[in-house]
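> Got a structure for you, questions after.
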Amino acid sequence: MTTMRGPADAATASPGSAHADAPVAAAPAAAPRQEAVRGRRTIWSSHRASATFDLDIPSVNLVARIRVALAVGVAATGSFLPSLTREQSALFLIFGLVWVPWATVVFLASARPNSRLALVGGPMGDLVVLFGVQLVAPQAAEVVLLGYVVVVAFAASSGGRALAGGLAMLALVFTVTARYAGSGQDFGAMVLVPFCAALLAIAFLVDRTTTLRARAAVRAQRYRTRAETVLAHVADAVIVTDATGMVLECNPTACTLAGLDTGDMAGLSCKQALGLWSGQRELDCSEGCEILRLSEGADARQGVELWRRDVSGMRQPLLANAAGVPNDAGGTDVVHSLRDVTRIKQAEEAKTLFLATASHELKTPLTVIRGFADVLSDYDSLSDNTRREALGAISARAEHLTQIVERLLLSSRIESGAVSIPAEDMDVTPIVDERVRAVGAATGRHARSTMPKALPRVQGSENALITVVDHLLDNALKYSPGGAPVVVGATADEQWVTITVADGGIGMDPDQVAHCFDKFWQAESTDVRRFGGTGIGLYIVQSLVEAMGGTVTVTSARGEGSTFACNLRRADAPRVPAPPGPAAHDEQGQPGVGEVTSIREFMRQIGIPGRQA
Amino acid sequence: MITDVVVVGNFVLGVVYTSYGLITIAELKRGWRTMGVSHFGLAWIAMAFTCGPHHLEHGLHVGAVGHGGILDLVAVLIGFPAGVTWFLLRLEALRGGRGDRFIPGTPWWVAALPWIFGAYAIALATGVATVLRDGGHFGPRLTPNLLLLGLYCLIGYYLLRTQLANRAVAGGWSLSGLALTVVFPTCGLMHVTFVVYATTGQYDVGWHGLVIDWLAVPAAIYFLWVVRSLSLGTLTDWNEGSTGARLETVAA
């Protein structure tokens, strides 16, 4: 990721910055123009993850920091002096035990934006401390007066005329009090008059517009940063082009969409950067924005369906919108938003495939049922044995149909959030053993259970666990066509009980593993005919396990079988710990992303959740 | 005997905290590339590198003078288990372990902690009154110790607040959190005992200790400021951003 820059500082981008990179496919004739565009505009991008200290320190915060440093410095200096008089000792105790704590309180308060305590309390505390010094150490009177002036000046710059005026009056009162309190201070007119004049000048002549202007600049910068941050983080690609289709600005999503590095987009034409197609026609915006034209007559909010080839050459469907915006030169630029609808299209295709699959799954038993029913109705002379066999077949197929329909209904209920899993303590071993026997009996296949007898009880629902185990066993047996062994086992640690279902079947490659819990997904489209099924079994498994507060993972390799692991929380474990994730150390032995570093741990212990890299 | 235990205890704590600072430097360096500089990490390193040397210097000083006070001994013994527990948990995390233990419910020894701490505070107050019955001299050299008492108690307050909130949700305690919660106030009270003995002249305030303690003051202020800013959501560090304080359940 690269640093967010506003348009104003684009011109100062270093040669090594992203702007200096050459475009991938810029036309030679357009190169000078592209460079001009790059000098004028910039790319919105997201925050840099590396070190950036906040240099825009509001003046109150800055003064609070200076105050703490000064207070600690002065108090520390006093404690290093070899010998102190009684008065000096009292003076430095005031600094150490009054000013430092007060400065700390004000500093802590300054962490909150627009803190009145920091704005008003800070300088007032300073005046009180200076007054104390005035009383205790009359010989430092001139230094104290200078201190009053500095405090009022800082207050005027950060808090405005009213605050500075009030503080100036307070300083005058303190000074007069010290003068007549018998502290020994005896200012002459040569000191007192300039002091009063300085206070008055600061309080009433300091132009508050300076402060207001500075605040307005800070506010404008924040607004710009906010707008850039929003654009940098929207999921849609946002691209601004001029009237000839040349890219002026874009956000990181647009760069990702185009497969270009940040900075390579600026100066390219729409055609070069994106290569958009509408149906069989490639868009060319050199004579004006084609998307704008396509949007005419249609509801602008609906968008226009386009497509392009992504970096891997795959067709990438997009939903595009465009709108004209006036630019500084009096012309019109065009703002485009492009949404990648690949997943939506895939979902549509998956649903279409599902309809075909479900129809096939439903039709097969129905055909059998209908066939046997016809036989029973057409042939009166059938023997009792033949009738019983026909009825048995009808019953078995009806049971199969029921299972399919129940599975579909459960999937639908999960998706609508209508499934509630009661939290109860249960012993998993007898449940799993019973399901292994039942599924083995129903399918005629052998699955072996190695469940330990003394597993801890887990939190969850017995019915949900039965469904999960049934689906995993069904899946394991289905994809182990050669009679490869299926083994069910379990392990436990201090937090979790992990139930594993391992098969020696066809296995999956990494890409298939990544999608195997997706709804309506099957490893290969041919699997639908090869193995049957609707592609929602593992989706149901994952949904139910997660509803029980656990996780399900899979390890698999093509041709070497698969192992599914369900992590269920122990009944005696705390209710909300993180599930067991990847190892805390990576292959190189370096702490991994999820490692609980000391910094994160301490943050956690003061109630501030840490962020992952 | 008292002196020996105070010396050894302080040496161990000194090594523990200094080592912990080194561990944090390594972690900060590792996360720097992906998550940037952590104010929190820097502040914590500053704390560790003032606390550690303070204990080493104090142990050395008491050993050289040979007059360890009983209040100092009690302070070390109270803070020692918590400090070492926290450090061992961090070592475990560094080696890929969990770095924490969940304590279901409230076992007797956790329930006893407030009573132990209350009794300790009363005993300390009594001890202080006894030691100071003949008067003493309090000067600016002892100021940083009192400042550190307040600062460490404030940090302890943030920790305690989180532990209590977590307990309500998780139904138990985090050993790591409890250890930290105990460590900070006891560190502050160690400084109080030092002030008491220095006031009566039993302990000498050396310039090296003074330097370390004065460095510890801005370090602790910085740390408190980071903690408060993170709680308010006005500072983005290695936390989840400007969402303000969220007392989430954090059982291991």
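> Straight-line reach only, C-alpha to C-alpha below 18 angstrom: list the lysines that residue A:363 could link to, leaving out same-chain residues fewer than 8 apart.
A:351
> Between 0 and 90 degrees, rounded to the nearest ten: what's the tilt of helix B:143-170 against the longest Cα principal axis of chain B?
Roughly 40 degrees, rounded to the nearest 10.
> Also, quick follow-up: Find, among the trypsin sites (Lys or Arg not before Pro) in region A:287-365, those assigned to loop by DSSP (not H, G, I, E, B) with at most 15 other beta-carbon atoms within 10 angstrom. Walk me through the numbers before you get to the answer.
Numbers: sites: A:293, A:301, A:308, A:309, A:315, A:339, A:343, A:345, A:351, A:363; in loops: A:301.
Answer by residue number: A:301.
> Oh, and also: Give me a single rounded figure for A:72-80: the average over its residues of other chain Cβ atoms within 10 Å of their Cβ. It would help to have the intermediate numbers written out before the result.
Working: counts 8, 2, 0, 6, 11, 2, 4, 12, 6.
Partner-chain Cβ atoms within 10 Å, mean over residues of A:72-80: 6.
> Could you order peptides A:398-409, B:214-225, A:425-436, B:155-166 by the average number of other Cβ atoms within 10 Å of their residues, highest first? Each step should come with its number before you reach the end.
On the way: A:398-409: 14.5, B:214-225: 22.9, A:425-436: 17.6, B:155-166: 19.5.
Going by the mean number of other Cβ atoms within 10 Å, highest first, we get B:214-225, B:155-166, A:425-436, A:398-409.
> When the dipole is taken about the Cα centre of chain B, and only Lys, Arg (+1) and Asp, Glu (-1) are charged at their Cβ, what size is it in debye, to the nearest 20? Spell out each step's value before the answer.
Numbers: 13 positive and 12 negative charges, 122 e Å.
It comes to approximately 580 debye.
> Checking the cross-link filter: which lysines have an alpha carbon closer than 20 Å to that of residue A:345, excluding same-chain neighbours under 8 positions apart?
Excluding near neighbours in sequence, the set is A:519.
> Could you give the length gained on full extension between residue A:197 and residue A:448, defined as 0.36 nm per residue of separation minus the Cα-Cα distance, in nm?
The span from residue A:197 to residue A:448 would gain 80.7 nm if fully extended.
> To test your reading of the geometry: what angle, between 0 and 90 degrees and rounded to tens, separates the Cα axis of helix B:2-35 from the longest principal axis of chain B?
On a 0 to 90 degree scale, this one is about 30.
> Averaged over B:176-184, how many beta carbons belonging to a partner chain fall within 10 Å of each residue's beta carbon? Each step should come with its number before you reach the end.
On the way: counts 5, 6, 1, 1, 4, 2, 0, 0, 0.
That works out to 2 on average.
> Between Rg and the Kirkwood Rh of region B:1-45, both from Cα atoms, what is the Rg to Rh ratio? Write down the numbers at each step before the final one.
Values: Rg = 15.1 Å, Rh = 12.0 Å.
When Rh is taken as the Kirkwood radius, the ratio is 1.26.
> Order these peptides, B:183-193, B:95-105, A:63-73, by their mean beta-carbon neighbour count within 10 angstrom, highest first. The partial results should precede the final answer.
On the way: B:183-193: 24.0, B:95-105: 16.7, A:63-73: 20.5.
Per-residue mean Cβ counts within 10 Å order the peptides as B:183-193, A:63-73, B:95-105.
> Averaged across A:104-113, how many Cβ atoms of other chains sit within 10 Å of each residue's Cβ atom? Working shown, then result.
Details: counts 10, 0, 0, 5, 8, 1, 4, 12, 6, 2.
Taking the mean over all residues of the peptide, I get 5.
> Using the alpha carbons of region A:345-416, what is the convex hull volume per residue in cubic angstrom, as a whole number? Write down the numbers at each step before the final one.
On the way: hull volume 5.3 nm³, N = 72.
Output value, Cα hull per residue: 74 Å³.
> Sticking with this structure for a sec: Which three extents, in whole angstrom, do the alpha-carbon atoms of region B:2-232 cover along their principal axes, largest first?
54, 41, 34
Any read-out appearing in this document is the output of simple, stated calculations on the displayed coordinates, not a laboratory observation. Bear in mind the structure is a predicted one, so any value in this text is a computation, not a measurement. Here the Cβ is made from the backbone with ideal geometry for all residues, glycine too, and neighbour counts use every protein chain on show.
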